[in-house]
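A short worksheet on the structure shown next.
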Amino acid sequence: MAKDDHFVAQTYLRSFVDDEGNLTPYYKNGRVIVGKKKTPRQVCYKTDGDSNIYFDNMRILDEYLPHIENPWAENVAKLEAGRVDADCKYEIGAYISFLRSCTPTAKRFGADMISANMQPLVNRTLAEHFHELGETTDEIQLAMKDAMDNREIRSVVDEEYVHAISIQHLIHSAYRFYCSHWLVLLNETGIPFVTSDNPAGLFYDEGNPQYATVFLPLSPTLGVLIKPDLTIARPMIEDVKRYSHSGDDYAHPKKSFVATLNELTIRSAENTVLHSAIDEDLVSLVEANRDWRVQNQSFELPYENGMFIINRQCACKNA
């Protein structure tokens, strides 16, 4: 039987509801920005979105998610109160790992990333075997050559395959988030954090745009910035057991920074921004950023007889 799977958990979304348990959706793609109120159950789901045909157990995520979704509210309360223990941090990090890997947005740009990595091989293979096309007209051959030269022939990657790879790496991704520096933001500005259908956005420091910090709003008054600890190349369970968390801290952001993070959340949203009420300033902000989406940016750097492919995900304005 088909199942509606929430790619943003209801346990997470409940932190953003109004007094009646509802969310107000703001649509980036719609003619009308503000939609009718909805419950967490009515948003951010996809039929069988957690299933994956590449596993013998297609519902393997059912073994992963309950352990991190069920204690979510308790863990967020611990984080806000400064009573964080190892289990709390790991379980929050493990859910952020899911948000960065298994949402429809993550599947899309993951497929784009693998496609970009494959493209040089595709181009070379096409060039080497162009003469084997067989009986085609000169017009068709010329059109194909132009398409190859302009890189209009692109490799296409199955998003379910990307999803399968992401599922395989969820635990190691959780280790990475656990073995990172956390800055917990206690938002007392009066400007609430908003969330979205792709809530774990990438924040790039202007002084170092190469490495991204993950920002996740946890409630209207709580958020977390997670900066990778790059002294650990690929965290393993042994690193998790001995990690000291010396870089973790709390901060009270200014209004300007809260506004910047809300803009990041809106720009990173695939289609839907979520808040507890109708806010005219938020309507204007969604309107101003409705053309922004998370994209995969690929850069090719020639090296000896080949090239390096560098991928970077960030929110970009559609051309």
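Scan region 260-316 for residues that are among the hydroxyl-bearing types (Ser, Thr, Tyr) and in contact (Cβ under 8 Å) with a residue 40 or more places away in the chain and the total you get is 5. Please determine whether any residue of region 14-27 is in a helix (DSSP H, G or I) and touching a Pro at 6+ places or on another chain (Cβ under 6 Å). Within region 14-27 (the criterion being in a helix (DSSP H, G or I) and touching a Pro at 6+ places or on another chain (Cβ under 6 Å)), the answer is yes, since at least one residue qualifies. Only residues that are within 23 Å of Asn22 (Cα to Cα) and either of a type in the set (Ser, Thr, Tyr) or surrounded by 19 or more Cβ atoms within 10 Å (Cβ to Cβ) (or both) were counted across region 72-95, and they come to 4. When Gly30 is tested against (1) open to solvent by 40 Å² or more (accessible area, probe 1.4 Å); (2) of a type in the set (Gly, Ala, Ser); (3) not in a helix (DSSP H, G or I), exactly one condition is not met: (1). Among the residues of region 154-163, not a single one is out of contact with any helix residue (DSSP H, G or I) (no Cβ under 9 Å at 6 or more places or on another chain), exposed (fewer than 13 other Cβ atoms within 10 Å of the Cβ) and at pLDDT 70 or above. Given the structure, is Arg14 loosely packed, with under 15 Cβ neighbours inside 10 Å and either over 19 Å from Ser196 (Cα atoms) or out of contact with any Leu (no Cβ under 6 Å at 6 or more places or on another chain) (or both)? When the stated conditions are applied, Arg14 does not pass them. Determine whether Ile33 is under 26 Å from Thr213 (Cβ atoms) and of a type in the set (Val, Ile, Thr). Judged against the criteria, Ile33 is not a match. Name the single residue, out of those in region 42-71 being open to solvent by less than 60 Å² (accessible area, probe 1.4 Å) and aliphatic (A, V, I, L, M), that is farthest from Tyr95 (Cα to Cα). Selected residue: Val43.
On the stretch given as region 26-52, residues that are under 22 Å from Lys3 (Cβ atoms) and not aliphatic (A, V, I, L, M) total 14. Could you tell me whether Asp4 is under 16 Å from the mean Cα position of the chain (by Cα), at pLDDT below 95 and open to solvent by 50 Å² or more (accessible area, probe 1.4 Å)? Considered against the rule, which asks whether it is under 16 Å from the mean Cα position of the chain (by Cα), at pLDDT below 95 and open to solvent by 50 Å² or more (accessible area, probe 1.4 Å), Asp4 comes out as no. Considering region 212-294, the qualifying strands (runs of 3 or more DSSP E), each wholly inside and each with 2 or more residues that are open to solvent by less than 60 Å² (accessible area, probe 1.4 Å) and of a type outside the set (Val, Ile, Thr), run over 222-228, 272-275.
The values are calculated or read from the model by the stated rules, or taken from the named source; none is laboratory data. Quick caveat, the model's predicted, so the values are computed rather than measured. Because the Cβ atoms are built from the backbone with ideal geometry, glycine has one as well, and the counts that use them run over all protein chains shown. In case anyone asks, the SASA skips ligands and DNA or RNA and just uses the protein heavy atoms, side chains included. Shrake-Rupley method; radii C 1.70, N 1.55, O 1.52, S 1.80 Å.
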